[in-house]
Amino acid sequence: MPVRSVILTPVIGQKLLRPESPARLHWPDVAASIFITVIVLPLYLATLYPDVLASGDSAKFQYLGSVLGTAHAPGYPFYVLVSHLFSYVPLGTLAWRMNLLSALAGVLASLCTFACARRLGTGTPQGTGLALALSTGLVFWNKSLAAEVYTLGALLLMFAIWRILVWRDRRSDRDLLLAVAALSLGLGNHLTIAVVAPAFLLYVLATDAGAGLRPRVLIASALLLVAGIGQYGFILLRTWQQAPYLEARAETLDELFSVVRAEKYDEAIFGFGWRTLVTERLPLLAKQLVQELTPAGALLVLTGVVAGLRSRPRECVLAAGSAGAILALAANVDADTAGFAVAALPPLWLLGAFAPGMQGTPGRGRRAILSLVVPGLLVVTVAVELRGNFRYADHSDRTIERRLWTAVFEAVPDRTVVVAEYYAHDQGLLYMLAGEGVGKARGIEPVQRNPDLLEGAARVEGRTVVAFAGAVDALRRHGFDFVPLPLLDRPIPDLVPSSRRDRFVIAAPA
């Protein structure tokens, strides 16, 4: 009697999962990924901030990686190290390269969202529409144009979701550990990623607890988690080495723990009462999300949640749990709420993948109609976002900071100390000094608003003291007197010749 071979495939939810070869390419998906990149990357490059900013954190992140410094608590070591590597890219100014890093991370996050949507069974056109709708939302678009940690965090989260969905299909330890590695690295980029851990853990336990809890998987996951937390040893190292710029300092483990916990910002985190949270913060966040998604996109996401809980509850809870946890944190932090919410936007859009009409097979009757209507709805959503958001996301003519700081350095003599003014202002100055080394050979340095230090610099060392409006007013009360220093030989509007009628600039260089 001949022996016949039998191939067994696991059954989950009455659907056969046929493991795919890792080397196998799905050309429609490759073509769609190229299409997404060809649309989104040039769009981001065309609207990218071209140079140094005067917005505080972005200006800081434009130079911090190049000098391997530390940012405000919790220090963001992963972003600093990645941006340090990116600072060697031989393109544009240092500031432009750091802005480009955010843009590339945004594009890659969109591509990972597309890959996740395809893993959830969406058609290629539908998955492409989801990725484009994410990319052209005003918040996600704007946060992809300047040096910040947010889009890199979104990329790490979506890569983790993608790999855990691949693990679902293949049961490969490598894919599961890649997801853990991405989340662990994300701990050093922005700690908000920690709040998605329950959603991932629940998904692994509900899908295949035996595979997820094997000793070698647990040991490897624990080591990856330790390595992720260990990134913060960078703060200790750079403090001991007396790095050029240290906003977060720690010489002991106790001090490091305080930095990682961001104790400095305790009042800003979970500082809202339940009444304020329910009546003000959550409604405001919901309004912002509807504006980001557009009403059509919000309807698609809500429909996807309802359908997903019925058809694929585990995957729906993974996406909704990840997005919901980040949004809950964003609502309860008195900081850059839009920035905190950026990582939640890709999994939020991914919920739309469960909506009727998003599947790859058109079906018959009502399903066939939905398979035509839903992609059309996504096309309309993208078109509406492009038309409404481009004017607010186009920062390609933002060159006034570069021109003003150039004028400052041209006007001041050698051996000048520039007095600290306020945070956002000073980060632009530090970018010029620490990032690009402008004025280093001339002995131009920043100095704190300390009367004793300034008197010593002026009278003992014979250095010129330059201050701006706020510092001038404060120092005059200590007996200092200042002479006006002309910076510009032409009107302010001439500095921004490409400024449009719907935009205004306020500059106070005096």
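Among the residues of region 30-62, those that are outside any loop (DSSP other than H, G, I, E, B) and either farther than 30 Å from Gly121 by Cα or in contact with a Lys or Arg (Cβ under 6 Å, 6 or more places away or on another chain) (or both) comprise Leu45, Ala46, Thr47, Asp57, Ser58, Ala59, Lys60, Phe61.
Residues that are farther than 16 Å from Phe78 by Cα and in the same structural domain as Asp169 (by TED's automatic domain parsing): which helices (runs of 4 or more DSSP H) entirely in region 209-288 hold 3 or more of them? Break it down stepwise before answering.
Values: elements: 215-230, 233-240, 253-260.
It comes to 215-230, 253-260.
Is there a residue being assigned to a helix (DSSP H, G or I), touching a residue at least 24 places away in the same chain (Cβ under 8 Å) and not aliphatic (A, V, I, L, M) anywhere in region 373-384? Yes, that holds for at least one residue. Within region 78-89, being of a type in the set (Phe, Trp, Tyr) and not in a helix (DSSP H, G or I) holds for one residue alone: Tyr88. If you filter region 20-61 down to residues that are at pLDDT 95 or above and of a type in the set (S, T, N, Q), you find that the one that is nearest to Ser102 (Cα to Cα) is Thr47. Reported count of residues in region 441-486, each being part of a loop (DSSP other than H, G, I, E, B), of a type outside the set (Phe, Trp, Tyr) and under 15 Å from Val412 (Cα atoms), is 11. In the condition set (1) in contact (Cβ under 8 Å) with a residue 12 or more places away in the chain; (2) surrounded by fewer than 19 Cβ atoms within 10 Å (Cβ to Cβ); (3) aliphatic (A, V, I, L, M), Ala248 is compliant with all but (2). Taking the conditions exactly as written (polar (S, T, N, Q), under 29 Å from Thr294 (Cα atoms) and either modelled with pLDDT of 95 or more or crowded, with 16+ Cβ neighbours inside 10 Å (or both)), does Ser184 satisfy them or not? No: the conditions fail for Ser184. When Thr151 is tested against (1) modelled with pLDDT under 95; (2) surrounded by 24 or more Cβ atoms within 10 Å (Cβ to Cβ), just one condition goes unmet, and that condition is (1).
Looking across Gly65, Gly92, Gly106, Gly75, one residue alone is within 24 Å of Arg398 (Cβ to Cβ) and not in a helix (DSSP H, G or I). It is Gly92.
Within region 427-454, restricting attention to residues that are farther than 19 Å from Ala407 by Cβ and of a type in the set (D, E, K, R), which residue is farthest from the chain's Cα centre (by Cα)? Out of the qualifying residues, it is Asp452.
Taking Gly137 as the residue in question, decide whether it is farther than 14 Å from Ala343 by Cα and in the same structural domain as Arg216 (by TED's automatic domain parsing). Talk me through it step by step, then tell me what you get.
On the way: farther than 14 Å from Ala343 by Cα: no; in the same structural domain as Arg216 (by TED's automatic domain parsing): yes.
Considered against the rule, which asks whether it is farther than 14 Å from Ala343 by Cα and in the same structural domain as Arg216 (by TED's automatic domain parsing), Gly137 comes out as no.
Assess whether Thr406 counts as being within 23 Å of Tyr63 (Cα to Cα) and assigned to a helix (DSSP H, G or I). Yes: the conditions hold for Thr406. Selection over region 251-289 of residues that are modelled with pLDDT of 90 or more and aromatic (Phe, Trp, Tyr) gives a count of 1. Of the residues in region 75-97, none is touching a His at 6+ places or on another chain (Cβ under 7 Å) and either charged (D, E, K, R) or over 14 Å from Tyr150 (Cβ atoms) (or both).
The values are calculated or read from the model by the stated rules, or taken from the named source; none is laboratory data. Keep in mind the model is a prediction, meaning the values are calculated, not measured. Heads up, the Cβs are rebuilt from the backbone with ideal geometry, glycines too, and the neighbour counts pull from every protein chain shown.
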